[in-house]
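Trainee: This is the structure, below, for whatever I ask next.
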Amino acid sequence: MPRMMGLELARELTAIRPGLPVILCSGYADGVAAAELEAAGVRALVRKPVEPAQLLALLRAHLPAHRTGQGRAVS
């Protein structure tokens, strides 16, 4: 992203839409504190490279449609 980092994007998105499930995928998040991630609305942090099964499990755990049975579930 040329204009902002992922954590900044998470802050902007959750300011516009509180409760939005944000999963941050980064190869550069080693120095970010858990409290900072939580404050930005990040529900999970995935470090690159990401295994497909790991990403699928996170999506299933954090997408509201999957938990409530509404909408289309991720398979």
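The values are calculated or read from the model by the stated rules, or taken from the named source; none is laboratory data. What you see is a predicted model; the values in this text were computed from it and never measured. Note that each Cβ is placed from the backbone with ideal geometry, even for glycine, and that neighbours are counted across all protein chains shown.
Trainee: Return a yes/no flag: does segment 39-50 have any residue that is of a type outside the set (Ser, Thr, Tyr), under 20 Å from residue 4 (Cβ atoms) and part of a helix (DSSP H, G or I). Explain how you work it out, then say what you get.
Mentor: Initially, segment 39-50 is screened for residues of a type outside the set (Ser, Thr, Tyr), giving 39-50.
With the extra rule that they be under 20 Å from residue 4 (Cβ atoms), the set shrinks to 39-48.
If we keep only those that are part of a helix (DSSP H, G or I) too, we end up with 39.
Yes, because at least one residue in segment 39-50 is of a type outside the set (Ser, Thr, Tyr), under 20 Å from residue 4 (Cβ atoms) and part of a helix (DSSP H, G or I).
Trainee: Out of segment 13-27, which residues are surrounded by 13 or more Cβ atoms within 10 Å (Cβ to Cβ) and either in contact with a His (Cβ under 9 Å, 6 or more places away or on another chain) or part of a helix (DSSP H, G or I) (or both)? Steps first, answer last, please.
Mentor: Filtering segment 13-27 down to residues surrounded by 13 or more Cβ atoms within 10 Å (Cβ to Cβ) leaves 13-14, 20-26.
Those that are surrounded by 13 or more Cβ atoms within 10 Å (Cβ to Cβ) and either in contact with a His (Cβ under 9 Å, 6 or more places away or on another chain) or part of a helix (DSSP H, G or I) (or both): 13, 14, 21, 22, 23.
Trainee: In addition: Please go through segment 1-31 and pick out each residue that is of a type in the set (A, V, I, L, M) and free of Cβ contacts under 8 Å to residues at least 24 places away in the same chain.
Mentor: 1, 4, 5, 9, 15, 16, 20, 22, 24, 29
Trainee: Tally the residues that are within 15 Å of the chain's Cα centre (by Cα), more than 20 Å from residue 61 (Cα to Cα) and at pLDDT 90 or above, restricting the search to segment 8-30. Spell out the reasoning first.
Mentor: Looking only at segment 8-30, we keep the residues that are within 15 Å of the chain's Cα centre (by Cα), and these are 8-15, 17-29.
Then keep just the ones that are more than 20 Å from residue 61 (Cα to Cα); that gives 8-9, 11-12, 15, 27-29.
Add one more test, that the residue is at pLDDT 90 or above, and what stays is 8-9, 11-12, 15.
Qualifying residue count for the region: 5.
Trainee: Within segment 23-66, track down each residue that is more than 16 Å from residue 9 (Cα to Cα) and either of a type in the set (Phe, Trp, Tyr) or in contact with a Lys or Arg (Cβ under 6 Å, 6 or more places away or on another chain) (or both).
Mentor: Residues satisfying the conditions are 62, 66.
Trainee: Still on this model: Could you tell me whether residue 42 is modelled with pLDDT of 90 or more, in contact with an Asp or Glu (Cβ under 9 Å, 6 or more places away or on another chain) and surrounded by 10 or more Cβ atoms within 10 Å (Cβ to Cβ)?
Mentor: yes
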